Amino acid sequence: MGNRLPAVLIALGVLLFIAYSSVFVVNERQQAIVIRFGQIQDVKTEPGLYFKLPFGFMDADSVQYIQDQALRFDLDDIRVQVSGGKFYEVDAFVVYKITDARRFREAVSGDRESAEARLSTRLDSALRRVYGLRGFESALSEERASMMREVRGELTADASNLGLTIEDVRIRRTDLTQEVSQQTYERMKAERLAEAELIRARGNEAGQRRRAIADRQVVEFIAAAQRDSEILRGEGDGERNRVFGEAFSQDPAFFDFYRSMSAYRDSMGSSDTTLVLSPQSEFFRYFEDAAGTRPAPTGNGTGTGTTNGAATTPSTAN
């Protein structure tokens with residue numbers, strides 16, 4: 001019995017190894033391709049436990065796992081030319097899924113990088129064609145969605161030959177190149193400066209127009225005020241003369257006396273004024289007689305007045 005135990009253990013180990021190498025598991029994110037002697041024997045697309053021939057190391061059945069979920073690859077900094085002749089940099093990405101594992105294995109030996117390289121070449125060509133038919137503004141407008149549908153349509157046939165299904169194509173970025181960006185910046189700057197100059201010119205024109213209106217109104221207001229003041233002054237002078245006339249007509253002697261007193265006050269009111277007059281001057285007639293009787297003339301009745309030693313015009317009180 002003791003001599004048979006090692007043989008039993010060896011046999012059990014061989015059986016376990018054969019059982020292990022005959023079983024493989026497919027999860028919900030995978031597909032499995034069973035390859036027998038280099039040829040595709042079967043494709044398992046449903047998750048579960050499956051069996052195959054053991055001894056894969058002897059070129060019997062082997063299993064290649066293929067992802068069964070949405071995959072994505074990006075294509076960055078594509079330099080494309082639009083219809084206007086300018087160049088732009090575009091970033092895009094593709095979402096795809098491996099829906100035909102058998103064809104995928106036959107086309108690219110199940111290598112995802114090889115499949116994405118072929119899709120990348122086709123995507124680059126499709127983007128150049130779609131952008132070349134449009135201007136730069138299209139990628140920034142509602143036409144962007146139709147551009148992505150066109151690119152997706154061009155990729156569909158090639159993807160189908162690889163066993164792939166294109167789920168979505170998106171353009172992530174559309175930017176000016178450095179040269180075009182500088183040119184566009186200078187053009188926009190010139191446009192803004194021209195617009196600013198136009199606004200400034202319109203503002204100056206409006207300001208000058210309003211200043212002219214204001215200046216004209218000032219002149220009109222001043223002229224109207226001067227006119228009204230002259231009218232009022234004339235009316236005041238007329239009223240004053242009327243009052244003087246009425247007063248003179250009521251008592252001519254008193255009015256004559258009042259006028260003489262006013263003349264005395266105006267001529268001798270300042271302490272630095274010197275008058276040189278003849279005593280018989282008409283100007284002094286109220287000094288000798290309160291009634292203002294004129295003295296007999298003894299000369300020409302005139303005198304010479306000086307202010308601060310200077311000659312002045314003769315003054316006569318009526």
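Does N241 count as part of a helix (DSSP H, G or I), of a type outside the set (V, I, T) and either touching a Gly at 6+ places or on another chain (Cβ under 7 Å) or within 30 Å of Y258 (Cα to Cα) (or both)? Spelling it out, N241 is indeed part of a helix (DSSP H, G or I), of a type outside the set (V, I, T) and either touching a Gly at 6+ places or on another chain (Cβ under 7 Å) or within 30 Å of Y258 (Cα to Cα) (or both). Only one of R170, R210, R200 is among the basic types (K, R) and under 27 Å from E89 (Cβ atoms); which? That would be R170, the only listed residue that is among the basic types (K, R) and under 27 Å from E89 (Cβ atoms). Just a yes or no: is a residue in the stretch 253-273 of a type in the set (G, A, S), modelled with pLDDT of 70 or more and in contact with a Phe, Trp or Tyr (Cβ under 7 Å, 6 or more places away or on another chain)? Yes. Take R227 and tell me if it is in a helix (DSSP H, G or I) and loosely packed, with under 13 Cβ neighbours inside 10 Å. Yes, satisfied.
Can you find even one residue in the stretch 142-163 that is over 30 Å from L127 (Cα atoms) and among the small types (G, A, S)? Checked against the condition, which is being over 30 Å from L127 (Cα atoms) and among the small types (G, A, S), the stretch 142-163 yields no hits at all. Against the definition (under 27 Å from A70 (Cα atoms), without any contact (Cβ under 8 Å) to a residue 40 or more places away in the chain, among the hydrophobic types (A, V, I, L, M, F, W, C) and exposed (fewer than 13 other Cβ atoms within 10 Å of the Cβ)), how does A190 come out, yes or no? When the stated conditions are applied, A190 does not pass them. Across the stretch 45-98, the number of residues qualifying as farther than 30 Å from L133 by Cβ and in contact (Cβ under 8 Å) with a residue 24 or more places away in the chain comes to 20. Here F73, F93 are screened, and the one residue that is assigned to a strand (DSSP E or B), modelled with pLDDT of 85 or more, more than 24 Å from S109 (Cβ to Cβ) and among the aromatic types (F, W, Y) is F93. A single member of L49, L119 is in contact with a strand residue (DSSP E or B) (Cβ under 9 Å, 6 or more places away or on another chain), of a type in the set (A, V, I, L, M, F, W, C) and assigned to a helix (DSSP H, G or I), and it is L119. Filtered by the rule that a residue be surrounded by fewer than 20 Cβ atoms within 10 Å (Cβ to Cβ) and within 21 Å of E179 (Cα to Cα), the stretch 89-135 gives E89, D91, R128, G132, R134, G135.
Of note, D77 satisfies the criterion of being of a type in the set (D, E) and under 49 Å from the mean Cα position of the chain (by Cα).
Within the stretch 3-38, being in a helix (DSSP H, G or I) and touching a helix residue (DSSP H, G or I) at 6+ places or on another chain (Cβ under 9 Å) holds for one residue alone: S21.
The values are calculated or read from the model by the stated rules, or taken from the named source; none is laboratory data. Since the model is a prediction, treat every value here as computed from it, not as a measurement. We place every Cβ from the backbone using ideal geometry, glycine too, and count neighbours over all the protein chains shown.
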